[in-house]
Amino acid sequence: MKKKAFLRGKLAVISKPRWTSYATASAATALGCAASAEADVTYSGLINHHFNAPAGGSSAADFQLDQPGHSFFPRHLRSDGGVSGAANFLLPFDVVSAAVAGFTAHPLAYLQYASKLSFGQSINTRPFVSRYGRLALYYDPIEGIGYNAQWLDPGTGFVGFRFNSGEGLRYGWARIDMDGAPGNSFTLIDYAFGDVGDRITAGQTSVSNVPDSAGSLGLLAIGCAGLLAWRARRSQAAD
C-alpha cells in the first residue's frame with residue numbers, strides 16, 4: 001500500500017488498514033489486484049479559516065492540493081461601504097482541467113457560479129464550469145444583484161472541484177459555511193480530494209467511510225475477486 005507525504009503540514013492521507021489486513025489474509029489472490037486497492041482520499045482535517053474582509057478590502061488564503069504550487073484560493077471582498085460582499089472560489093491557472101462544479105448564470109453569461117452541493121452528492125458526475133466559481137456577488141436586495149447565486153443564505157454546503165496535474169483527473173470538495181447576505185463572509189471548514197480515477201462524494205474523507213455490510217466483508221475475504229466486486233459496489237453507491 002502506497003503512502004503519501006503530508007501536504008502543507010496540515011493535510012493527512014486517510015489510509016485503509018482494513019484493506020491491508022484483508023489483502024494479507026488472502027495474499028495468494030490479492031497480488032493480482034493490488035492496483036485496484038490503491039485508492040486514497042487526501043483529507044485536510046478541520047481548518048475553520050474565516051474569510052471576512054474589511055471595508056474596501058479583501059481576505060484570501062491558499063490551500064494546497066496534490067503538490068506544492070497547486071492550490072485553491074477562497075477569497076472574500078467587501079464593498080467600499082463595507083455593507084455588501086462577494087465570495088469566490090478559485091483554482092490555479094497552471095493545472096490542466098481545473099474547474100469548479102457549477103453553472104453559468106443568466107442574464108450575464110460570463111458569470112459562472114459554484115453549485116451548492118449537499119452531503120453525499122457525487123462530485124464526478126456534476127457539470128463543471130471554469131476554474132473560477134462565484135459563491136456570491138456583492139449583494140443588493142433592491143437591485144437584485146447576486147443573480148442565481150446559491151450561496152446567499154447562511155449555512156453549510158459543499159463546493160465540488162476537479163484538477164489534473166498530468167496524471168489524470170482528480171475530484172474533490174470543500175466545505176463552506178456562509179454567514180449570509182449581504183456581507184457574504186464565510187468559513188472554509190475542511191476539504192478533501194481523491195486519487196486519479198476515483199469517485200468521491202461531498203463530505204467523504206476516506207474510502208472506508210462508505211458503510212460496510214456483511215456481504216461486502218465476505219467479498220473482501222475471498223481476495224482479488226472480492227475486492228473488485230466490492231469496489232464496483234462502492235462506486236455505484238457513490239453515484
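Remarks
- Any hit, segment 45-66, residues being over 20 Å from residue 157 (Cα atoms), among the small types (Gly, Ala, Ser) and modelled with pLDDT under 90: no
- Check on residue 85, over 19 Å from the mean Cα position of the chain (by Cα) and closer than 25 Å to residue 155 by Cβ: yes
- Of the residues screened, residue 205 is not one that is modelled with pLDDT of 95 or more, touching a Phe, Trp or Tyr at 6+ places or on another chain (Cβ under 8 Å), of a type outside the set (D, E, K, R) and under 15 Å from residue 76 (Cα atoms).
- Filter result for residue 172 (assigned to a strand (DSSP E or B) and at pLDDT below 95): no
The values are calculated or read from the model by the stated rules, or taken from the named source; none is laboratory data. Owing to the predicted nature of the structure, the values given are computational and were not obtained by experimental measurement. Cβ coordinates were reconstructed from backbone atoms using ideal geometry, including for glycine residues, and neighbour counts include every protein chain displayed.
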